[in-house]
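Comments concern the structure below.
Just so it is clear, none of the values below were taken in a lab; they were calculated from the coordinates. Here the structure is a predicted model, which means the values were calculated and not measured. A quick note on method: Cβ atoms are made from the backbone with ideal geometry, for glycine too, and the neighbour counts reach across all protein chains shown.
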Amino acid sequence: MAALAATLFFVSLLVFVVVRVLPGDPALIILGLEANPDSVARVRQELGLDRPIPVQYARWVTRALGGDLGRSIQYDVPVGTLILSRLTVTLPLTLLAAGFMIAAAIPLGVFAATHHRRWGDYLTMTLSQLGVAVPGFWAGLLLILLFSVQLGWVQAGGFDGWGQGVWPGVRSLLLPAIALGLFQFAVLARTTRSALLEVLREEYVKTARAKGLAEWIVLFRHALQNALIPIVTVAGVQLGQLLAGSIILESVFYLPGLGRLTLAAISARDLPVVQGVVVFVASMIVTVNAAVDILYGVLDPRIRYG
Amino acid sequence: MMRLLVAALVAAVLFSPASAQTPTSLVIQVPTEPPGLDLTSNPSSAIAAVVFDNVQEGLIKIDRTGKMVPWLAERWYTSDNKSYTFFLRKGVRFSNGREMKAADVKFALDRAVNPETKHPYRVQYEAIQDVIVKDDYTVTVALKKIDATFLYTMARQGSVIYPREAVDTLKSQPIGTGPFTVSEWVRGDRIVLLKNKDYWVKGLPKLDRVVFRFIPDPNSTLAAIKSGDIDVSAFGIGPESVDDLKKDARLQVIVGDTTNDVTLSMNNSKKPYSDKRVRLAITHAINKDEVLKGAMFGYGKILGSNVDPTNPFFVDVSKRVGYDPALAKKLLAEAGYPNGFDAVFKVAPQYYYTVRSAEVVASQLAKVGIRATIQQIEWGQWLSQVFCLAPCQTPDYDMSIIGHAEAWDIGNFANPKYYFRWDSPAFQKLYQDSQVTVDDKTRRALYVKMQEMLADEAPAVWLYMHPRLVITKKGVTGMWKDQPAPVLDLSEVAWQK
């Protein structure tokens, strides 16, 4: 918990200072080419930008500790409300992408490892090489071109909310989730393959086979379980990367999620939103990492934390 | 896994909604989400696109041809050009059900004038001395001095009339007399407008529902229009896609004029740009036809001054300082730069045309010895460094390119503190005269003089008018071809039966 608090403190301090030293006056960006010195001064005062940075930070931390992340400059609504509303898009998107990544990568990795140096292995590795090489936004555009423009099966983008039911919501997230998860899928498939290959060379696997156990028991109960530690480690890191990747893909698929909110907030110098989102995402990533640490202990009882 | 994927795809096909829109609803793409919906607090054109003339209207309207027509005021009268009496239409109701009266006009105008309310265009209302309600349908505006742009100001987005009781919700739930009302705003995604059933113009609007979808990326917009997700792309599709889209039988492309003048600015307060010969040399060195071809695929119109073809006082002065690289070199030598000089172009890639135009211009300038490098900076930096408002004292740039979308903005060149930093008392005098001259013929003559002077003095280079490029599905009718004002009027838009 102490580590979590310290991480969040440093993240918040860093992002607070960085967004404030960025060139570009939020007041000017809000007012645009029609701005005049009077209106700029008024907006600066309204936003509290005329106060010294340490004072601004102290005010922000005090309020944040009480659960108040401030108000969005652009939307004039509480940042917390904004984050929660955008989370209804980004969280399902990330989970779908993670689901796709795990559901595709682990079986393929196992398949490649068990067909080591045979055509199945080469085919899988070629596929995952492609996944690593193709940038997500480009894969997204190709998917749109095929499934939306040519075939017309799903919409090219946008999200109409969960109000119309679960399936319409999931359907509008399918293509972005695949595009988002593609790179991570490729990395995880390669990790699974190499982790499993290593374990399959171990003496105890030979022993298990020598005992006459069925191959699937050898593979899943003896080998894969022991190979899971590096796989879970990589997958944990990847969850954070999926969240980060949503910044680009939510723009390509014009989804009203956290990623697009962040991008728009940075361009508009909506400082309270940038701070709020970064600290929120950082806390999510820290939590996922903590969960991964706990999972180690479940997977391998020898690992325990004092 | 494969089975799962196939099942998901089959399901996607089975459960797809019918792709055809109901004929009374329209999904329209705009690239930028409005920062609030209050036309009287923020000059953003993204607010105008949604609210102006769709939700809120003024006493006077600029129609699709650029002409000022009586709107909420059915007529007006002035005997001395210092006092205007407006006769309001009777029976016009706000969308909250209450009838619009002269007191509402007084409230809106008083609020625009009052420095406390911090109206963003307060300077445009400075001439107003008093607003007097004569009766429920008659209101007189007394001016301190003659203001030739007063009637135009009444047609601007900042002069919309709204009910007094709804002034606090202007930012999120604006109420007006317009053909539509704001039904829903999903932040970051869309704004939904619904038909105002009591709209005072009979037969309008033709649509029941309009969805503004915010899609900033041009590629995503292209995919959305091609897949049929949106019915109209209002802004944002680049000229490079137009020829391809014209071949698509399902779509129609509208190419029109705008008030957006793409301007190459020079820092007139800085050497060598303070020298008129250098500025003229730069103008002579630029082949605007090539810039238009290279940056805009030929869409748009060449400009010679700040006044564009949508303006009734427009005269073509683009040939006064034409393309002549030999003369450009001669002028540079006369100014003491026989070997040219180094220059930096600061442009913001947020507006795609700025970088493209700068690339073509830089290569042309190189031919006369001006070695211009292009520095791409983020929009926020551009506003601080180039546009330079207080606390910034001196603009930090040599040359830049940006589109100026405001109509009737020639006064920027009469303002020595504007980022061009051009200080010409002769021009300022002409502009001030034009502001107090109401006789159309005399005013036109002053505008012609100003355009000629701008061309001859070259405080900036006006490259081209940015074209209006609207893509719609076949069957969408009633969209404006040109954009003479910052408005996206959808009242007459309909689906062909």
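Side notes on the structure shown:
- Helix runs (DSSP H) in chain B reaching 20 Å along axis by Cα, Kyte-Doolittle at least -0.5: B:352-366
- DSSP H segments from chain A that extend 20 Å or more along their own axis, Cα-based, with Kyte-Doolittle mean of -1.0 or above: A:2-21, A:79-114, A:119-133, A:166-200, A:225-252, A:271-299
- With helices as the sole contributors, chain A gives -24000 deg cm²/dmol at 222 nm; each DSSP H run of n ≥ 4 counts as -39500 (n - 2.57), and the sum is divided by every residue.
- Taking the Cα centre of the stretch A:1-96 as origin and assigning +1 to Lys and Arg Cβ atoms and -1 to Asp and Glu Cβ atoms, the resulting dipole is close to 280 debye.
- Computed E for B:ASP456/A:ASP160 - FRET, C-beta separation, R0 60 angstrom, nearest 0.05: 0.60
- Fewest-first sequence of B:THR177, A:THR126 by Cβ atoms within 10 Å of each Cβ: A:THR126, B:THR177
- Cα convex hull of the protein assembly as shown - mean projected area over all directions, nm²: 40.0
- Per-residue average of Cβ from other chains inside 10 Å of A:255-268: 3
- Volume per residue of the convex hull around the Cα atoms, evaluated for chain A, comes out as 174 Å³.
- When the listed pairs B:LYS67/B:LYS226; B:LYS288/B:LYS330; B:LYS106/B:LYS417; B:LYS61/B:LYS106; B:LYS288/B:LYS474 are checked against a 23 Å cut-off, the alpha-carbon distance exceeds it for B:LYS67/B:LYS226; B:LYS106/B:LYS417; B:LYS288/B:LYS474.
- Computed over chain A with a Gaussian network model linking Cα atoms closer than 10 Å, the most mobile of A:GLY67, A:GLY259, A:GLY181 is A:GLY67.
- Between B:ARG111 and B:ASN415, the simple spin-label model (points 7 angstrom out along Cα→Cβ) gives 2.4 nm.
- Length released on extending from A:HIS116 to A:SER283, taking residue separation times 0.36 nm less the Cα-Cα span: 56.1 nm
- Neighbour-count order for A:LEU87, A:LEU108, A:LEU141, fewest beta carbons within 10 angstrom listed first: A:LEU87, A:LEU141, A:LEU108
- Neighbouring partner chain Cβ atoms per residue of A:59-70, average, 10 Å criterion: 0
- With a Förster radius of 60 Å applied to the beta-carbon distance between A:ILE294 and B:VAL201, the computed FRET efficiency rounds to 0.35.
- With both labels modelled 7 Å from their Cα along Cα-to-Cβ, the B:ARG93 to B:LYS293 distance reads 5.9 nm.
- Globularity ratio of chain B, using Cα Rg and 2.2 N^0.38 Å: 1.05
- Projected label distance in nm at A:VAL18 and B:ARG320, using a 7 Å step from Cα toward the beta-carbon: 5.0
- Only helices enter this figure: runs of n ≥ 4 DSSP H residues, each worth -39500 (n - 2.57), summed and divided by the residues of chain B, yield -7500 deg cm²/dmol at 222 nm to the nearest 500.
- Multiplying each eigenvalue of the alpha-carbon gyration tensor of the stretch B:281-384 by 5 and taking the square root yields semi-axes of 23, 21, 13 Å, largest first, rounded to whole angstroms.
- Between A:GLN225 and A:LEU84, the FRET efficiency from the beta-carbon distance, with R0 = 45 Å, is close to 0.75.
- Counting, for every residue in B:221-232, the Cβ atoms of other protein chains within 10 Å of its Cβ and taking the mean gives 6.
- Pairs from the table (B:LYS319/B:LYS367; B:LYS271/B:LYS319; B:LYS144/B:LYS449) lying more than 24 angstrom apart at Cα are B:LYS271/B:LYS319; B:LYS144/B:LYS449.
- Each Lys and Arg Cβ is given +1 and each Asp and Glu Cβ -1; about its Cα centre, the stretch B:242-332 then shows a dipole of about 520 debye.
- By the count of other C-beta atoms within 10 Å, a proxy for reagent exposure, B:SER400, B:SER241, A:SER72 are ordered fewest to most as B:SER241, A:SER72, B:SER400.
- Gaussian network model of chain A, springs between alpha carbon atoms under 10 Å - residue of A:LEU271, A:LEU188, A:LEU13 with greatest fluctuation: A:LEU13
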